[in-house]
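Working notes, beginning with the structure itself.
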Amino acid sequence: MDASEQIKRFYNFLEKNYQDKLLENIRRGKNFLIMDFSKLSMFDHELAEEILEQPEETIKAAEIAVEQFELPSPIKRFRIRLTNIPEDQTVAIRHIRAMHIGKLIVSKGIVRQSSDVRPQTVSAKFECPSCGNTISILQTGQKFKEPTRCSCGRKGKFRLLSKELVDSQRIVVEEAPEFLDGGEQPKRISVFLREDLVEPVMERKTTPGSKILIAGILKELPINLREGGTSTRFDIIIEANYIEPIEETFETIDISEEDEKEIISLSEDPKIYEKLVKSIAPSVYGHEDIKEALVLQLMGGVKKERNDGTITRGDMHILLVGDPGAAKSTLLIFMSHAAPKARYVAGRGASGAGLTASVVRDEFLRGWALEAGAMVLANGGYCMIDEMDKMSTEDRSALHEALSQQKISISKANIQATLRAETTVLAAANPKFGRFDPYQPIAQQIDLPPALINRFDLIFPVRDLPSREVDDKIASHVLNIQQSMNIREPDISIPLLKKYVAYAKQTIKPKLTDSAIEEIKNFYVELRNMGTDEEGIRPIPISARQLEALVRFAEGSAKVRLSKKVTKSDAKRAIRILKYCLMQVGFDYETGRIDIDRISTGIPASQRSRIVQVREIINELEGTFGKTIPLEDIISSASEKGIEEAEVEEIIERLKRSGDIFEPKRNFLSKL
């Protein structure tokens, strides 16, 4: 089909379907029109095929057809954007080959990196100083081209009259994890955006971490060699025609009607909780409580946005701390396969920038570009962090904001950005001294700052205690797996589990019932007021953070049953899991009570109370002895109050380290 025929057909098509829209766009100053490809193929299938085979010339013909309309104002560089391109044109980034060059293709992926928006020359006009002739040169490559000679015979030294600039931006798109099988390395491709595709409204849709669908023309890009000349190998880029954001949720998982029936019948099974717990890491024996918490974490709570703009997160974070060889990593790796949209990172191999976001040099447009890390790429999904204690302090500090605020702010190299990281985190760490010590506060045993530990809703110690009965069962379980490769199939297979979770997250938003609220409230108030009657600081058994965690777990429990209401039984299940967790890590053996400070600050209330007493003794003795106080007097006064000598020495050591007191001469203390 020749060009004039194409223009004529496009004119007819636009006149019939898009005339009003076209005029409205031009009135608003929008120099583009979004055209539905399915309408075009119904109107003229030959034209539709031409667009797919020779997109550049055909789309140009459509743009010329627009200029033939009687328009209110003359327009320059009008663009036609195509949407609704058929499924069979979709090519995965890893399957793009040389045969696709010059064709219109559609690809999906996550924006990994985006550069600054910069102007780019598309054409330039030159004047010949000898004869005054004007020469126009189209700028297509990366180098700015000047005319070589004029018709009058003059070579070089032409005067630049004007150049036409358009905004351009480069983004790097990477395959989304849900389109990959197992441990494949996701492939990347560069995408060039121009003109209206980089307007501020569109630019917000292409921030790193957002998932997009790109329709564009695949082009080759020459690679210049260092020695000069061009390489025989070429780079490929997609010149985008249109970009659409894909919803960032679990909708990417297709659930057919049969799947839906199977999911609903499963949810009505009274033993659904047992089935789900047994389906989680069947190769790991025991740990039922942890597995149950992991099921509820998969389901997640409900994210709530209030009128004043505050957001309560629905994601729950769980930390597993425990003895080496207690199958923590196996649980994490299983969860990264079972959870929809999950990323797995481990200790030393993960840096702060790799987890959150980084700013990198952009070699194409010469500037800085923002690159998203694992937490941002798993936005709306799950991030499994193994060996968290092996990470360096700077890298861990990047997690604080991501865990509580669920967003990541970056201010580096003139880029200020806030990226969404609504990610559920499951982390594992080993105790500092190799094994877990139940008598020591958990915060002293993990090499993590208390503020970060506090961000986790639940902390599970994974204990490895010798017991003849349990060891016998574990040994036979492990050895049976070693003997025969195929272990007993779980009740719910991984693909079905993924679909079950996705269905629950998509459709169910449970609301709290009065009975559930009453149950949680009673537990919270009772536990908080179990304080001591003696003098001193009362232990705080549970804080408001755990109260929110209780609500989230109760909502997750309701989602398992695909129920729209959170009932009393859901609240009881959440309380049972939290109680198990608090008894394991927050129990103060001295007072026989639960104390949240053992988890969050590492100093239990009983010890803090004694620190206060020792401080008071020092203050009193200062009045008697003056500035320098003998150590023996402090110890004897403390023993009268029932504090042992070893403990007094430990407290004094602690106060010295914190800079409250110092030792001017041996066995004498002074306050700073």
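The values are calculated or read from the model by the stated rules, or taken from the named source; none is laboratory data. Quantities reported herein were computed from a predicted structural model and do not represent experimental measurements. Using ideal geometry, Cβ is built from the backbone for each residue, glycine included, and neighbour counts are taken over all protein chains shown.
Structure above, values below:
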| quantity | calculated |
| --- | --- |
| Residue check for LEU33: surrounded by 18 or more Cβ atoms within 10 Å (Cβ to Cβ), within 28 Å of ILE246 (Cβ to Cβ) and touching a residue at least 60 places away in the same chain (Cβ under 8 Å) | no |
| Looking only at the stretch 116-134, and only at residues there that are without any contact (Cβ under 8 Å) to a residue 40 or more places away in the chain and touching a Lys or Arg at 6+ places or on another chain (Cβ under 7 Å), the one that is farthest from LYS412 (Cα to Cα) | SER130 |
| Members of the stretch 13-62 that are among the basic types (Lys, Arg) and within 21 Å of VAL198 (Cβ to Cβ) | ARG28, LYS30, LYS60 |
| So MET485, is it at pLDDT below 85 and within 26 Å of MET335 (Cα to Cα) | yes |
| Filtered residues of the stretch 83-104 (kept if under 29 Å from LEU165 (Cβ atoms), surrounded by fewer than 21 Cβ atoms within 10 Å (Cβ to Cβ) and of a type in the set (A, V, I, L, M)) | ILE101 |
| Strands (runs of 3 or more DSSP E) lying entirely in the stretch 90-181 (those with 2 or more residues that are at pLDDT 85 or above and among the basic types (Lys, Arg)) | 159-174 |
| Residue satisfying all of: in the stretch 106-156; surrounded by 15 or more Cβ atoms within 10 Å (Cβ to Cβ) and of a type in the set (A, V, I, L, M); nearest to GLN185 (Cα to Cα) among these | ILE110 |
| Test: residue in the stretch 498-505 that is at pLDDT below 80 and either outside any helix (DSSP H, G or I) or among the basic types (Lys, Arg) (or both) | no |
| Qualifying positions in the stretch 443-476 - in contact with a strand residue (DSSP E or B) (Cβ under 8 Å, 6 or more places away or on another chain) and either among the hydrophobic types (A, V, I, L, M, F, W, C) or at pLDDT below 75 (or both) | GLN445, ILE446, ASP447, LEU448, ILE453, PHE456, LEU458, ILE459, PHE460, VAL462, ARG463, ASP464 |
| Every pair of residues 6+ apart whose Cβ atoms lie under 7 Å, when the first sits in the stretch 512-536 and is in a loop (DSSP other than H, G, I, E, B) while the second is modelled with pLDDT of 80 or more | THR513/LYS565; THR513/VAL566; THR513/THR567 |
| Unmet criterion (only one of (1) surrounded by fewer than 14 Cβ atoms within 10 Å (Cβ to Cβ); (2) of a type outside the set (S, T, N, Q); (3) in a loop (DSSP other than H, G, I, E, B)) for LEU71 | (1) |
| Contacts under 6 angstrom Cβ, first residue in the stretch 624-650 being over 16 Å from ASN667 (Cβ atoms) and modelled with pLDDT under 85, partner polar (S, T, N, Q) and not in a strand (DSSP E or B), 6 or more apart | LYS641/GLN613 |
| Any hit, the stretch 552-572, residues being part of a loop (DSSP other than H, G, I, E, B) and at pLDDT below 70 | no |
| Tally, over the stretch 268-314, of residues that are under 22 Å from ILE508 (Cα atoms), within 28 Å of the chain's Cα centre (by Cα) and acidic (Asp, Glu) | 2 |
| Yes/no for SER265 being within 30 Å of ILE481 (Cα to Cα), polar (S, T, N, Q) and in the same structural domain as ALA502 (by TED's automatic domain parsing) | no |
| Condition check for ASP308: buried (at least 19 other Cβ atoms within 10 Å of the Cβ) and part of a loop (DSSP other than H, G, I, E, B) | no |
